Amino acid sequence: KLPKHETDMIIKHVCGLDRLHIIINAANITLTEEQHKELNRLHDARYVDNYPLQYLLGYSDFMGLELCVTPDVLIPRPDTEFLVSEAISCIDSLITFNKKISVLDLCTGSGCIAVYLADYFKNNNAVSITASDISEKALTVAEKNSKKYNTNINFIHSDLFNSPQFDNLKF
């Protein structure tokens, strides 16, 4: 049996209905044959095959942002949210010294860190965000997430710092 929150996420994904709507209108909800098949497919992939729910749905929640995830990137973790909160505190303290801040999200994956920071500091010209990854597929996912939230991120395809694009940058 799937945990309740995962069942709710699957139903919301397939039917577009949240838990409260389902509870209130349970007797009046009719699923199409396609919805029924998709619910069963997702249930089996998650419960029987133990495939990560976020990959099945194609997205993951990260600090209130709904970010695209694929098997080409790691699923954002709650401990990364703590890291981002700490980064915001550090950046805020540096901004108070009237400094320009350049932030690098190395091995960005889904871009969850870069996208959240760029969105958080969207109206602050003192902060610039760069994100890099060796995987072109990961950068595609990160760029998609950046576009979704209309963030300004400099993306660099590189194995760590091996790109000439890093030559004159400091973080």
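The values are calculated or read from the model by the stated rules, or taken from the named source; none is laboratory data. Predicted model, so just to flag it, every value in this text is computed and none were measured. Positions of Cβ are backbone-derived with ideal geometry, glycine not excepted, and every protein chain shown enters the neighbour counts. The area values use the complete protein model at the heavy-atom level, side chains included, leaving out ligands, DNA and RNA. Shrake-Rupley method; radii C 1.70, N 1.55, O 1.52, S 1.80 Å.
Quick look at the values:
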| item | result |
| --- | --- |
| Test: residue in the range 134-149 that is assigned to a strand (DSSP E or B) and in contact with a Phe, Trp or Tyr (Cβ under 7 Å, 6 or more places away or on another chain) | no |
| Selected residue (only one of HIS5, HIS13 is within 17 Å of GLU66 (Cβ to Cβ), without any contact (Cβ under 8 Å) to a residue 60 or more places away in the chain and loosely packed, with under 13 Cβ neighbours inside 10 Å) | HIS5 |
| Filter result for ALA118 (within 23 Å of TYR55 (Cα to Cα) and in a helix (DSSP H, G or I)) | no |
| Top-ranked residue in the range 24-65 [being closer than 28 Å to GLY109 by Cα and of a type in the set (Ser, Thr, Tyr); ranked as farthest from the chain's Cα centre (by Cα)] | TYR47 |
| Enumeration of residues in the range 107-160 that are modelled with pLDDT of 95 or more and of a type in the set (Asp, Glu) | ASP119, ASP133, GLU136, GLU143 |
| Hits in the range 17-44 - residues which are open to solvent by less than 60 Å² (accessible area, probe 1.4 Å) and either assigned to a loop (DSSP other than H, G, I, E, B) or touching a Lys or Arg at 6+ places or on another chain (Cβ under 7 Å) (or both) | LEU17, ILE29 |
| Tabulated pairs, the range 71-90, first assigned to a loop (DSSP other than H, G, I, E, B), second open to solvent by 30 Å² or more (accessible area, probe 1.4 Å), C-beta under 7 angstrom, 6+ apart or interchain | PRO71/TYR55; ASP72/SER135; ASP72/LYS137; ILE75/PRO52; ILE75/GLN54 |
| The range 109-120, subset free of Cβ contacts under 8 Å to residues at least 40 places away in the same chain and under 17 Å from PHE82 (Cα atoms), residue surrounded by the fewest Cβ atoms within 10 Å (Cβ to Cβ) | TYR120 |
| Test: residue in the range 136-149 that is open to solvent by 100 Å² or more (accessible area, probe 1.4 Å), among the basic types (Lys, Arg) and more than 20 Å from the chain's Cα centre (by Cα) | no |
| Index of the failed condition, MET63 passing every other in (1) modelled with pLDDT of 95 or more; (2) on the phi < 0 side of the Ramachandran plot | (2) |
| Leading residue by the ranking (surrounded by the most Cβ atoms within 10 Å (Cβ to Cβ)) among those in the range 49-107 that are more than 25 Å from THR7 (Cβ to Cβ) and among the aromatic types (Phe, Trp, Tyr) | PHE82 |
| Which listed residue is small (Gly, Ala, Ser) and under 23 Å from SER60 (Cβ atoms), from SER102, SER132 | SER132 |
